[in-house]
1. So which residues in the stretch 1-19 are free of Cβ contacts under 8 Å to residues at least 24 places away in the same chain and open to solvent by 60 Å² or more (accessible area, probe 1.4 Å)?
2. Answer yes or no as to whether Glu25 is farther than 22 Å from Val68 by Cβ, free of Cβ contacts under 8 Å to residues at least 40 places away in the same chain and open to solvent by less than 70 Å² (accessible area, probe 1.4 Å).
3. Select from the stretch 56-70 the residues that are outside any helix (DSSP H, G or I) and modelled with pLDDT of 95 or more and list them in ascending order.
4. Select from the stretch 30-44 the residues that are surrounded by 13 or more Cβ atoms within 10 Å (Cβ to Cβ) and among the charged types (D, E, K, R) and list them in ascending order.
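The values are calculated or read from the model by the stated rules, or taken from the named source; none is laboratory data. As the structure is a computational prediction, the values presented were derived from the model and not from experiment. Because the Cβ atoms are built from the backbone with ideal geometry, glycine has one as well, and the counts that use them run over all protein chains shown. Side chains are part of the model used for accessible areas, which takes the heavy atoms of the whole protein and leaves out ligands, DNA and RNA. Shrake-Rupley method; radii C 1.70, N 1.55, O 1.52, S 1.80 Å.
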Amino acid sequence: AREFHRLDAEFHVLLSTLSGNVVLETILRSLREATIGYVEEAMAGVEDWGAVRDELQRQHRDILAAAVERDGLRAAQAVREHIRWFSRFTTAGPDAAGG
């Protein structure tokens, strides 16, 4: 799981570079290590880590596909859904997150 979290943070940083927003990229780079710790802590008590990991990977693939296809609206929607899903998951548990 630790390697997944490291790669997850790197994915988010690299994705921010695609936005062309230097401020966003700088913020994500500076928060990378703190984000890894936050995610590790949030996931520490998860019983079915494999299912959560699979869902996060599916979401990341959707975001990446939209970015590669240069579909900004779809990418933005996928990022919003990803953030909302993770927020619901970490505050209310897997049932509230829909997975």
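1. If the condition is that a residue be free of Cβ contacts under 8 Å to residues at least 24 places away in the same chain and open to solvent by 60 Å² or more (accessible area, probe 1.4 Å), then Glu3, Leu7, Leu14, Ser19 are the ones that fit.
2. On the way: farther than 22 Å from Val68 by Cβ: no; free of Cβ contacts under 8 Å to residues at least 40 places away in the same chain: yes; open to solvent by less than 70 Å² (accessible area, probe 1.4 Å): yes.
No, not satisfied.
3. Result: Glu69, single match.
4. Answer for the stretch 30-44, where residues must be surrounded by 13 or more Cβ atoms within 10 Å (Cβ to Cβ) and among the charged types (D, E, K, R): Arg32, Glu40.
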